[in-house]
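Read the structure below first, then the notes.
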Amino acid sequence: MSVTGNGSGSDGGNGSAPAIIDVEDVTKVYHMGEIEVRALRGVSFRISRGEFLAIMGPSGSGKSTLMNVLGCLDRPTDGAYLLNGQDVSRMKDRQLAHIRNREIGFVFQQFNLLARTPALRQVELPMLYAGVGARERHERAQQAFCLADILRLETVNFRCHGDFRTSLRVKEHTMPAGPRRYCDSSLS
């Protein structure tokens, strides 16, 4: 697995600006009976505001495991993960849930869409969980569709092709106020 950034953060990529994400010597070990699987082995990197990052590697190299740690869905076995200077690797479940709700958006390889829910409502759902009022939810969801010129698809069900579903997941997760997006897909 390799971690590659654009180096265009506010510090020009030289490491002097405060990191919004700082990962140091993170390991993740899973125990499956007597078998020990080392999914992450000493991963370290930092991301400054404005930088983009690509995590690349073959299947089984730990990309999704790292995404789960970065997205506060899982904790590292060892090492430190600081998000805006806070050590999230030591936080309680409720604190992690708050961070996921307010600061992190996900686009997974699996679409995780509700089969009988119109597209516009799918986009509104994360905002409902974030406590955004009904009128604002509806307006922001419509804006996301207008940006993509697909408002006409408000009543579409999800027997559509994967590219549209991925596009909808991206729109859905541009709605929460949080600045970070974690995409676990080559189409993202």
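The values are calculated or read from the model by the stated rules, or taken from the named source; none is laboratory data. Predicted model, so just to flag it, every value in this text is computed and none were measured. Using ideal geometry, Cβ is built from the backbone for each residue, glycine included, and neighbour counts are taken over all protein chains shown. For accessibility, only protein heavy atoms count, side chains too; no ligands or nucleic acids. Shrake-Rupley method; radii C 1.70, N 1.55, O 1.52, S 1.80 Å.
Worth a mention:
- Residue selected from the range 75-89 under the condition outside any helix (DSSP H, G or I) and either open to solvent by less than 20 Å² (accessible area, probe 1.4 Å) or basic (Lys, Arg) (or both), by the criterion farthest from Leu40 (Cα to Cα): Leu83
- Residue match in the range 34-56 (condition: on the phi < 0 side of the Ramachandran plot, more than 19 Å from the chain's Cα centre (by Cα) and not in a strand (DSSP E or B)): yes
- Selection status of Lys63, among the basic types (Lys, Arg), in contact with a helix residue (DSSP H, G or I) (Cβ under 7 Å, 6 or more places away or on another chain) and touching a residue at least 12 places away in the same chain (Cβ under 8 Å): no
- Only residues that are within 13 Å of Asp25 (Cα to Cα) and either open to solvent by 70 Å² or more (accessible area, probe 1.4 Å) or modelled with pLDDT under 90 (or both) were counted across the range 57-74, and they come to 0.
- The numbered conditions (1) at pLDDT below 55; (2) within 23 Å of Ala54 (Cβ to Cβ); (3) surrounded by 16 or more Cβ atoms within 10 Å (Cβ to Cβ) are all true for Phe158 except (2).
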